[in-house]
Each structure stands twice: as C-alpha cells, then as structure tokens.
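Enquirer: Pasting in a structure now, in structure tokens, and then I'll have a few things to ask.
The values are calculated or read from the model by the stated rules, or taken from the named source; none is laboratory data. This one's a predicted model, so the numbers in the text were calculated from it and none came from an experiment. Heads up, the Cβs are rebuilt from the backbone with ideal geometry, glycines too, and the neighbour counts pull from every protein chain shown. For the accessible areas, the whole protein counts, side chains as well, though only heavy atoms, and no ligand, DNA or RNA atoms are used. Shrake-Rupley method; radii C 1.70, N 1.55, O 1.52, S 1.80 Å.
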Amino acid sequence: MAIGLIYNYSFSDIKSLLASWGEPNYRARQLWEGLYQHFWVFPKQFTDLPLPLRNRLAEEFPTDALTPVNILRSSDKQTLKTLLRLNDGQAIEAVLMCYAKRRTICISTQVGCAMGCVFCATGQMGFKRHLSSGEIVAQVMYFARLLYADGEVVTNVVVMGMGEPFHNYENTLSAIDRLNDLEGYNFGARRFTISTVGLVPAIRRFTEEKRQINLAISLHAADDALRSSMLPINKPYPIDDILAACRDYISVTGRRITFEWALVNGVNDTPEQARLLAGKIKGLLCHVNAIPLNPTIGYAGQPTTRLRANNFKEILNNYGIPCTIRLRRGMDIQAGCGQLASK
Ligand code: SF4
C-alpha cells in the first residue's frame, strides 16, 4: 500500500517522527527526498531505507491519501480530468491541462464548497469538509508522478478546483509551503495561482504575508446587486471592499492581480457591465481573464457568444485594461469544477 498520508507531515514533523522511532537524523532527509524528488510512495521503493523502517512506515501509514477512480481524457487529448476518492469515501476532482509546453494542474482544497456560487456545480453540492494539507499535496504529487513517467514535469498549479482555498487557508498555504521546499519538490511559489471568491480578511492576511504566489479574484459582476445574485458571499464582502483589499495587495506586493469573469449570456457580458467594471479597476495592475460560462444543471444561465465576448474584451481594452478571452477546454469531459464529483 502507498504511504500517501505522510504528505500531511512537514519536514520538521517527519524529523520528529523518525527521531521518536529512534532513527538517525539523516533518515528524515532520505525519506523527504524519496517522496518529493523521486515521487516514491510505496515503501518498497525507498531502497535507501533499511527494511525495518520501510515496514514501520507501511504499518503506520497503511493507506494512500487518494485513489483515482475515474479518469477522463478530452477528445483533443489536452485535458485529463481525474476523480479522486479520499480515505473517508468522499470524492474530489483534479485536472491536468496540457497546452503547448505548459503542464498545468488544477487542484481542489475542499470537498464541496460553502460559497454557493449559483453557476458552479461544486457550489450546488454544498460544503462537506476541508481537505487536509496532505490531501492537497497528494493531488500535485499524483500528477507529478504521472508526468515524470513520460519525462515531463508540472509547470503550473492553479488552486481553482473544488472549494474556496481561503476558506481552508491554513491547509492550503501549508501544502504550498511543503511543495515549495527547496530540498523537496522545490516548486516555485510564482508558479502557483490561488483563486478566491473574495474573502476580504483572507486577502488582507495573504497581503501581510507577502507571498510570491499569484492571486486571482473571481469577480464575475461589476455591481453588488448582480454579484450578490450570482455569488452570495458578495453580501458580507461587497465589490468595493474586495477592490480596496486588492489595491492594498498590489501596493504592498507590487504583484499583478487577475480578475476571473465567467461570461453568462445576457447577464454579465453586457457593454454596461464591461464599462462599469472598467471604471472600477482602471489603473489597477491587473488582468481580466474572461471565459464563457461552463453550463451546469442547477443554473439556467448559458455561455456568452463569441461576438459578445469579443465586444466585452474590446470595451475593457479601450480603457487600457488587458483582457483575455479563454477557450473552454475539456467540455466533453465535464471539466468545469465539481461536475464529475457531483455526479
Ligand atoms: S466557484 Fe469556487 S467559490 Fe464559488 S462555489 Fe464554486 S468552488 Fe466554491
């Protein structure tokens, strides 16, 4: 059996654990390197560890953090969506996207989500539980192992799967710190992007921590009435409060923010919404990432058209705001967050 639950341990936790088992200090380093540099997860793979220690690891960590139960590949072969079963039987999703030289993975931080965004399949499921830091790390290591077998590496990690990462702040950030460790997986902080729906106190905490991780805000609407009807969390954290926190984030860190916008036909893809948005974010160091809505069963809204999307982008560009219209990928495998798990 794989010892994947050990991903819950930081390097110093592993040092303490092995010391408590009477092992010399250097064993912790060997175990850490095996996990994060060689992507080993089965005790028998750790051939530099003595057999009794391998056996003890197998006894103490008898299960893997997650097990793939359904793997779907899009018809263009560029998107691989995996349904992963956790130890308690719950399921989450993680996605690998291969475009040109990029190997981007999208990971989950919770089972379900408490934010209730009306257009999102995960939001429609409700909140089940937070993922542990190890369950978050294990998703990255799962794809790292998969790509390694093909001589490839993960290039980017986006924390945009199931759940609101800032609602599970501690576990999400400690997972990223673990993956960031120079003597372990050594995945640069700048290659992570966290996407939040706009939990203002957490954005402020993130700002104070001055991390190098990229920040994306799921905005989706430019006035409070519309935004509250799409994202209930807008009531406690309205747009102006979010943008004030974003302004402070940019001035403290000097880093650019991305605003995410799911374009819903006739709802938030109008010239009025584009102009209102432009007025609010003009002059900010930012980028708008707009993508036609991925329709879900529980929401009547439909994706925008190509023409309306281009018009939306053009209006923002006229105000000097960079905007990209992203393509919807993996539609044939329900790559929208939560669509597979909610089934
Ligand atoms: S869009 Fe994100 S924050 Fe909103 S319900 Fe879905 S998973 Fe949660």
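Enquirer: Out of the stretch 143-173, which residues are out of contact with any strand residue (DSSP E or B) (no Cβ under 7 Å at 6 or more places or on another chain) and aliphatic (A, V, I, L, M)?
Expert: Hits for the stretch 143-173 are Ala144, Leu146, Ala149, Leu173.
Enquirer: From the residues in the stretch 299-313 that are more than 24 Å from Asp240 (Cα to Cα) and outside any loop (DSSP other than H, G, I, E, B), which one is nearest to the chain's Cα centre (by Cα)?
Expert: Going through the qualifying residues, I end up with Pro303.
Here's the yes/no breakdown for (1) within 19 Å of Leu199 (Cα to Cα); (2) touching a Phe, Trp or Tyr at 6+ places or on another chain (Cβ under 8 Å):
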{"residue": "Ile217", "(1), (2)": "yes, yes"}
{"residue": "Asn234", "(1), (2)": "yes, no"}
{"residue": "Thr258", "(1), (2)": "yes, no"}
{"residue": "Leu263", "(1), (2)": "no, yes"}
{"residue": "Val267", "(1), (2)": "no, no"}
{"residue": "Leu285", "(1), (2)": "no, no"}
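Enquirer: Across the stretch 151-186, which residue is nearest to the ligand (Cβ to nearest atom) among those that are out of contact with any Cys (no Cβ under 8 Å at 6 or more places or on another chain) and small (Gly, Ala, Ser)?
Expert: Ala175
Enquirer: Exactly one condition in (1) modelled with pLDDT under 95; (2) over 26 Å from Val197 (Cβ atoms); (3) open to solvent by less than 20 Å² (accessible area, probe 1.4 Å) is not met by Tyr36; state its number.
Expert: Only one criterion in (1) modelled with pLDDT under 95; (2) over 26 Å from Val197 (Cβ atoms); (3) open to solvent by less than 20 Å² (accessible area, probe 1.4 Å) is unmet by Tyr36, namely (1).
Enquirer: Shifting gears a bit: Which count do you get for residues in the stretch 118-132 that are in contact with a helix residue (DSSP H, G or I) (Cβ under 8 Å, 6 or more places away or on another chain), open to solvent by 20 Å² or more (accessible area, probe 1.4 Å) and within 13 Å of the ligand (Cβ to nearest atom)?
Expert: Here the count works out to 3.
Enquirer: Evaluate the stretch 240-255: report whether one residue or more is in contact with a strand residue (DSSP E or B) (Cβ under 6 Å, 6 or more places away or on another chain) and open to solvent by less than 10 Å² (accessible area, probe 1.4 Å).
Expert: Within the stretch 240-255 (the criterion being in contact with a strand residue (DSSP E or B) (Cβ under 6 Å, 6 or more places away or on another chain) and open to solvent by less than 10 Å² (accessible area, probe 1.4 Å)), the answer is yes, since at least one residue qualifies.
Enquirer: Condition first: under 16 Å from Asn214 (Cβ atoms) and either among the aromatic types (Phe, Trp, Tyr) or open to solvent by 10 Å² or more (accessible area, probe 1.4 Å) (or both). Now tell me which residues in the stretch 170-191 satisfy that.
Expert: Passing the criteria: Asp177, Asn180, Phe187, Gly188, Ala189, Arg190, Arg191.
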